[in-house]
Structures are given as structure tokens and as C-alpha cells.
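Structure first, commentary second.
The values are calculated or read from the model by the stated rules, or taken from the named source; none is laboratory data. In this text the structure is predicted, and so the values were computed from the model without any measurement. Glycine gets a Cβ as well: all are built from the backbone with ideal geometry, and neighbour counts include every protein chain shown.
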Amino acid sequence: MLFQKLTDNDLFGSVRDMQRLQNSLNRLLSDRIPVEASAEFPPLNVWTSENGVIVRAEIPGVAPEDVDISLVNDTLTLRGSRNPDELKEGESRHRQERGYGLFTRSLQLPFGVEADHVQARFSNGVLQITLPRSEAEKPRRISVVSES
């Protein structure tokens, strides 16, 4: 039926018909196929080294003052909220894929950190947390002595 509809019309002569067809297909597919979303928000990237851990969290649309960072033992927790986009009078949502509301994300760190020296910076929707490794947790080099 779709092929017949396309062939009945001049395929290249009627841009408006093609746009209508594309819009219909987009509506059909967006109603039937769920949008894949990460089960965890915010998404994190984590790097470790001998000196510590760096955590980057993507939180676009969240103000830095709306984020709470806590560290208990070896668990880092981010809490906050993202407000929905407000509609102006006469506007209606065409599509909404970005979520909003409260979020909490916890991450167990691979080693102890110096809680007094943790730093957090926010830039362009990305929160970066630098957690220096505690001295007691840093790897130590042990020399081997020959007994010959």
C-alpha cells in the first residue's frame, strides 16, 4: 500500500506529499518504538590512576547549586534535580526525550580517598569530581634484596 501510494504520485514532483509521508512515518515509528534511555542518570565516566579517581557526570540543564555531592567511606553519591522545560503560551510538546525530576547516583570507589581534598568543577553541563587517593592506599614499591 505504501509503495502504491508512492508510485501513484509523481515521486519527485510533489515535495509536500513526501513531507507528509515522512511525518506520518515519524509519528508511526515514534509511537511504536520506545526511546532507549540509560537506566542510570547521570551517565558517568570514571578514570583511576595511582594518584586518585576522576569522575565526570553529564548533567545538562542542571544548575551547579542543584547538585549535592557526598562521600561516605568509599562511596560517592550525586543527588540533584532537573526541572522540565517550561512551555510558553500557545506552545505544545512535539517530542520530549530528556527526562526531568530527582536523581541519585552512587558509585563505589576502588580505594580510599582524601575526603578533605576532593574538588568539584562544573563546566558546559559536565560535572568533574577529582578524588585524590589516600596516602595509605597508594601503591608502594618494594625492593628486593639479593642475599648472595
So in the range 124-136, with the set limited to residues that are closer than 20 Å to residue 59 by Cα and modelled with pLDDT under 95, which one is nearest to the chain's Cα centre (by Cα)? 125
Residue set 87, 71, 107; condition over 28 Å from residue 133 (Cβ atoms) and either hydrophobic (A, V, I, L, M, F, W, C) or surrounded by fewer than 11 Cβ atoms within 10 Å (Cβ to Cβ) (or both); output residue 87
Consider residue 42 against the criteria (1) at pLDDT 90 or above; (2) surrounded by 10 or more Cβ atoms within 10 Å (Cβ to Cβ); (3) more than 14 Å from residue 128 (Cα to Cα): it satisfies all of them except one. Which criterion is unmet? (3)
Here are some residues: 17, 74. Which one is modelled with pLDDT of 65 or more and either of a type in the set (A, V, I, L, M, F, W, C) or assigned by TED's automatic domain parsing to the domain that holds residue 129 (or both)? 74
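Looking at 122, 103, which is the one that is within 18 Å of residue 45 (Cβ to Cβ) and in contact with a helix residue (DSSP H, G or I) (Cβ under 8 Å, 6 or more places away or on another chain)?
122
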Within the range 96-109, is even one residue assigned to a loop (DSSP other than H, G, I, E, B) and among the aromatic types (Phe, Trp, Tyr)? yes
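Among the residues of the range 45-68, which ones are of a type in the set (Gly, Ala, Ser), surrounded by 11 or more Cβ atoms within 10 Å (Cβ to Cβ) and part of a loop (DSSP other than H, G, I, E, B)?
Residues satisfying the conditions are 61, 63.
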Scan the range 91-101 and tell me whether some residue there is surrounded by 13 or more Cβ atoms within 10 Å (Cβ to Cβ) and out of contact with any Cys (no Cβ under 7 Å at 6 or more places or on another chain). yes
Unmet criterion (only one of (1) modelled with pLDDT of 90 or more; (2) assigned to a loop (DSSP other than H, G, I, E, B)) for residue 93: (1)
